[in-house]
Amino acid sequence: MTEEADDILKRLPARLREARRAQGLSLEAVARLSGVSRSMVSQIERGESSPTIATLWNLTRALQVDFAGLLDVAPAGPQIAIIRAGSAPTIDNRGQHCRLRILSPPEDAGQHEVYSLDFAHGGALVSDPHRRGAQEHLTVVEGQVSITSAGQSERLGPGDTARYAADVPHAIRAEDGPARAFLIVRDA
């Protein structure tokens with residue numbers, strides 16, 4: 001048996017027990033739901049018996065847990081990803097006197113994007129329509145901005161949030177001075 005297979009078998013009893021407890025189920029209840037005897041469930045949870053694939057499948061279905069996730073190796077390394085202020089990728093050529101800092105992971109591009117926006121006085125971010133059903137959520141941190149979407153305009157100040165259609169021409173403008181905001185772009 002490989003070292004990885006040994007690791008899986010060592011983690012399996014605790015993960016099954018945790019899944020059962022998370023569901024608030026007794027050994028009896030798991031036995032009834034899975035068709036696996038109470039004594040076998042107990043032996044598996046104590047690490048005294050290795051379940052067959054069929055038994056494991058029945059247990060995961062009864063416990064409503066993902067079969068693959070139950071066997072996954074815990075991710076190695078840090079669990080917190082940090083983007084330091086000076087190292088976030090920036091886009092300076094998308095707007096006029098506007099810098100966009102990309103805060104979302106690259107794999108989320110086109111689905112759920114998060115940006116920090118820094119506008120100089122008179123700065124603007126004018127956008128063509130995104131994909132059908134796309135929306136933007138903008139929260140102003142400092143200063144004031146105006147938002148235009150689908151021919152409607154609104155002014156926002158610090159702490160204000162606007163949600164608007166992004167599948168039509170839309171714009172964010174800082175006409176009265178510098179402004180900072182957070183922008184979330186969600187594609188449908």
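A short reminder: the numbers here are calculations on the coordinates, not readings from a lab. Remember, predicted model here, so these are calculated numbers, not experimental data. Neighbour counts are summed over all protein chains in view; Cβ atoms, including those assigned to glycine, are modelled from backbone coordinates with ideal geometry.
When the Cα positions of 144, 161, 185 are compared along the charge dipole of the range 120-188, 185 comes out farthest toward the positive end, with charges on each C-beta of Lys, Arg, Asp and Glu. On a 0 to 90° scale, report how tilted helix 53-63 is relative to the longest principal axis of the chain, with both axes built from alpha carbons and the result rounded to the nearest 10. Once rounded, the angle reads 60 degrees. Toward the positive end of the charge dipole of the chain, about the Cα centre and with charges on Cβ (Lys, Arg +1; Asp, Glu -1), which of 102, 112, 49 goes farthest? The Cα lying farthest towards the positive end belongs to 49.
Viscosity 1.567 mPa s, temperature 4 °C: Stokes-Einstein D of the range 73-159 from its Kirkwood Cα radius, in µm² per second?
Details: Rh = 15.2 Å.
Translational D for this selection: 85 µm²/s.
Under 5 Å from the amide H of residue 134 lie the amide H atoms of 166, 167, 188, each residue being 5 or more positions distant or on a separate chain, with H modelled from the backbone and absent for Pro and chain starts.
So what's the back-of-envelope 222 nm ellipticity for the chain, counting only DSSP H runs of four-plus at -39500 (n - 2.57) apiece and dividing by all residues, rounded to 500?
Numbers: 5 runs with 52 residues, N = 188.
After summing the helix terms and dividing by residue count, I get -8000 deg cm²/dmol.
For the chain, the Cα-based Rg and Dmax, in that order, read 25.8, 73 Å.
The modelled label-to-label distance for the pair residue 128/residue 84, using points 7 Å beyond Cα in the direction of Cβ, is 3.7 nm.
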